[in-house]
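Have a look at the structure below before the remarks.
The values are calculated or read from the model by the stated rules, or taken from the named source; none is laboratory data. Fair warning: this is a prediction, and the values are worked out from it, not measured in the lab. Virtual Cβ from ideal backbone geometry, glycine too; neighbours counted across all protein chains shown.
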Amino acid sequence: MAMGCRVEGEPSSSGAIAQETLEMSNDAWFAQRVWSVSANKVLPEPDGTSTSITSLADSIYRPRSAEEIAALVRALPPETPIACVCGGHESSGVALVADHGAVIFDLMKLKGIAFEEGDGERLVTVGSGVVFRELVDAVREQDGALPVGTGPGVGVVGYTVNGGLSGYFSRRLGLLGQRAVRMTVVMADGTLRTLTPKDELFTLMLGAGSALAIVVDITFRLADARAIQGAEQLVLGFEGRGQAIAFSRAAMQFMKEAVIPNESVSVEVVVTGTNALVVTTVFYDSFRGNADGFTEPLRALAVSRQLPTLADSRWTSWYEAAAALWPVIAEQKGSPLATSCHCAGTPTSPADEVLDFVADVLVGEAPLDEAEMSIIEIRTLGGAAQTGPRIPTGNCEQAFFVDLVTLYDSSLKTPAERQAIVDLTNRWVDRARAVPGLGVDFSGTHSQSDDVDRSAVAAEIFGSSAMAQAVSEAKARVDPANRFRFHPFAKILT
């Protein structure tokens, strides 16, 4: 039976929490807040059927301030597990589902976005209920820029504290977590703290934060919009997988030879289940030369492979690049939409063996036909992300990055077809682990944390053995009862 959600009101003068009932079942709340469900959660039972997915939490709160969150944590029995939901895009959906006996803090009411000047820099403080569409629109008004994610409904804070990266902007602006200068958090005992880089916990939060504390807001250093000079996007069609393999292999060779050594540009190649190849080149303020001349080899490659041009766009601002995929993402819907994420990458320029594997196995065998909304993203990283402050995410270590985002409408698939999609996805992941020099599933935001018997390695997820040990020790120290157990690192942090 679906349980009712509860949101609490203002703390009373006695310090007690006043609760009011929200007329919404767990099912209705889950449907409102979730973007997708894990592909693992729609797999068939032994009898071939599938169970419905919803939130199992006993209570769901929508706090409106840091003080309210702290009061709630103190008022709950100390053994009560707590899950936090920002944007609802985490690939396994563990916080949305939670468990019996748990409570969820739905942070959607923490919508503050505030700009200020500090130490000669422009800063922006972002509440945990803010999603990227809201932040990007606000930053645009300030003529600023940030290394944001492409999903408009992704929670900014959740993305930051789980190691998120930006394929378009990270080479120039670093990871979003690397631009953080302050955060407000509530600890497992209800203590309200303001953290800065002087605090050991501050750094650990920027990649493992969902396991360590409740983040109320984060303050970031704002870059100037002129850091992004412009961008070009070429959309090509392909008829068969062979064309996609050949183009992606040649495009990756271009990335290896012309892009990775040149930190004034970034290139992303996307292969879609709708038979499109999307090539985006972003030019930073350090780029010198002619943009069309730089991307001409990619256009020539398309002509040589007889690939039709579906679109050829020019963007002149950070905002246009940041918002470019919003209409595409808006079309990714299902009843429910099933998803899984896996990534692979190299810390230096990839060997030809790696490029062959990505082209032949990932592009060649990923379930793009079976899961039609799926995409393969091939990106250049490195640059500022590699040279910036070390934070606990394997994304800091990568110069070359590729991921498979498997997406499909589960209502249109039989239980057997759902299992086949997961099996095809797991097949390339297992084969990737055998490729010399290729790291696999090293990102909290691009790994499927609920995969059975496929646990990620802590040293890879957090970037190094030393960082993994520091995170583990902090977890034991600040959350000894493991109240914050609904996060992407649950299998490696207890």
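Among the residues of this structure, Ala371 counts as one that is buried (at least 19 other Cβ atoms within 10 Å of the Cβ) and either among the aliphatic types (A, V, I, L, M) or outside the structural domain of Val270 (by TED's automatic domain parsing) (or both).
In segment 26-140, counting only strands (runs of 3 or more DSSP E) that sit wholly within it, the ones holding 1 or more residues that are out of contact with any Cys (no Cβ under 9 Å at 6 or more places or on another chain) and closer than 30 Å to Leu412 by Cβ span 82-85. Could you check segment 458-494 and list, in sequence order, the residues that are assigned to a loop (DSSP other than H, G, I, E, B) and in contact with a strand residue (DSSP E or B) (Cβ under 9 Å, 6 or more places away or on another chain)? Correct list: Arg483, Phe484, Arg485, Phe486, His487.
Across segment 413-428, the qualifying residues are those that are among the hydrophobic types (A, V, I, L, M, F, W, C) and without any contact (Cβ under 8 Å) to a residue 60 or more places away in the chain, and the one among them that is nearest to Ala359 (Cα to Cα) is Leu424. Take Thr272 and tell me if it is crowded, with 18+ Cβ neighbours inside 10 Å and modelled with pLDDT of 95 or more. Against the criterion (crowded, with 18+ Cβ neighbours inside 10 Å and modelled with pLDDT of 95 or more), Thr272 qualifies.
This table checks each residue for (1) modelled with pLDDT of 95 or more; (2) over 18 Å from Thr339 (Cα atoms).
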{"site": "Leu438", "(1), (2)": "yes, yes"}
{"site": "Ser447", "(1), (2)": "no, no"}
{"site": "Val452", "(1), (2)": "no, no"}
{"site": "Val457", "(1), (2)": "no, yes"}
{"site": "Ser465", "(1), (2)": "yes, yes"}
{"site": "Ala468", "(1), (2)": "yes, yes"}
{"site": "Lys475", "(1), (2)": "yes, yes"}
{"site": "Ala481", "(1), (2)": "yes, yes"}
{"site": "Ile492", "(1), (2)": "no, yes"}
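Screening the candidates Ala371, Ala416 for the property of being modelled with pLDDT under 95, small (Gly, Ala, Ser) and under 29 Å from Leu96 (Cα atoms) yields one hit, Ala416. Go through (1) at pLDDT 95 or above; (2) part of a loop (DSSP other than H, G, I, E, B); (3) hydrophobic (A, V, I, L, M, F, W, C) and name the single condition Leu165 misses. All conditions pass for Leu165, except number (1). Output the residue which, of all residues in segment 112-152 that are more than 12 Å from Trp318 (Cβ to Cβ), under 20 Å from the mean Cα position of the chain (by Cα) and hydrophobic (A, V, I, L, M, F, W, C), is surrounded by the most Cβ atoms within 10 Å (Cβ to Cβ). The extreme case among them is Val126.
If you check Leu195, Leu201 for being under 16 Å from Ser472 (Cβ atoms) and among the aliphatic types (A, V, I, L, M), only one passes: Leu201.
Here Val358 clears all of (1) surrounded by 15 or more Cβ atoms within 10 Å (Cβ to Cβ); (2) in a strand (DSSP E or B); (3) not acidic (Asp, Glu) except the condition numbered (2). Pairing residues of segment 167-183 that are at negative phi and among the polar types (S, T, N, Q) with residues that are part of a loop (DSSP other than H, G, I, E, B) and buried (at least 24 other Cβ atoms within 10 Å of the Cβ), at Cβ distances under 7 Å and at least 6 apart in sequence or on separate chains, gives Ser170/Pro147; Ser170/Leu381; Gln178/Ile391. State which residue is farthest from Ala359 (Cα to Cα) when the search covers only segment 209-248 and only residues that are surrounded by 21 or more Cβ atoms within 10 Å (Cβ to Cβ) and touching a Phe, Trp or Tyr at 6+ places or on another chain (Cβ under 6 Å). Only one residue fits best here, namely Ala211.
For segment 442-458, a residue qualifies if it is surrounded by fewer than 22 Cβ atoms within 10 Å (Cβ to Cβ) and aliphatic (A, V, I, L, M), and the qualifying residues are Val452, Val457, Ala458. Within segment 173-192, being within 10 Å of Ile214 (Cα to Cα) and part of a strand (DSSP E or B) holds for Thr184, Val185, Val186, Leu192.
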